[in-house]
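For reference, the structure discussed in these notes is given below.
All of the numbers you see were taken from the coordinates with simple rules; none came from a lab. Just so we're clear, the structure is a prediction, and the values are computed from it rather than from any experiment. No Cβ is skipped: glycine too gets one built from the backbone with ideal geometry, and neighbour counts run over all protein chains shown.
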Amino acid sequence: MKKQSESFFDFLGEILAIFLVIVYILSLANAQWGFIENATVLNIMKIAITYGSLLLVAIVGMEAVSKRTLLVRLIFYICIAIIVIFMFFPDTYNNLIGIIK
């Protein structure tokens, strides 16, 4: 069972990583040349970068902890839950983005 979940997370992580690389390339190219003018597409790309990166970290982490003990998995799940909970506080997220310039 552990091998199946590890393989599933491995496949999912690979697909998401390829998708995020494409989104990053498009975002960087658009920042340089401004060829995407549709605001909806730009918003979708921003959301994909923000939440896709977190999702990729979670998937790769789940792949890594799938072969570990229950305690290690619980610690990882709690850490991911803390990150997700703090994302519901806009001031915390804005302060973080303000620090990273």
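What the table below lists for this structure:
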item: Failed item in (1) within 18 Å of Leu20 (Cβ to Cβ); (2) in contact (Cβ under 8 Å) with a residue 12 or more places away in the chain, with Phe76 passing the rest; result: (1)
item: Residue that is farthest from the chain's Cα centre (by Cα), among those in the stretch 64-82 that are surrounded by fewer than 12 Cβ atoms within 10 Å (Cβ to Cβ) and of a type in the set (Val, Ile, Thr); result: Thr69
item: In the stretch 20-50, the residues that are exposed (fewer than 12 other Cβ atoms within 10 Å of the Cβ) and hydroxyl-bearing (Ser, Thr, Tyr); result: Thr40
item: Subset tally (residues that are assigned to a loop (DSSP other than H, G, I, E, B), more than 30 Å from Lys3 (Cβ to Cβ) and touching a helix residue (DSSP H, G or I) at 6+ places or on another chain (Cβ under 7 Å)) for the stretch 28-75; result: 1
item: Residues (hydrophobic (A, V, I, L, M, F, W, C) and over 15 Å from Val60 (Cα atoms)) located in the stretch 1-26; result: Met1, Val21, Ile22, Val23, Ile25, Leu26
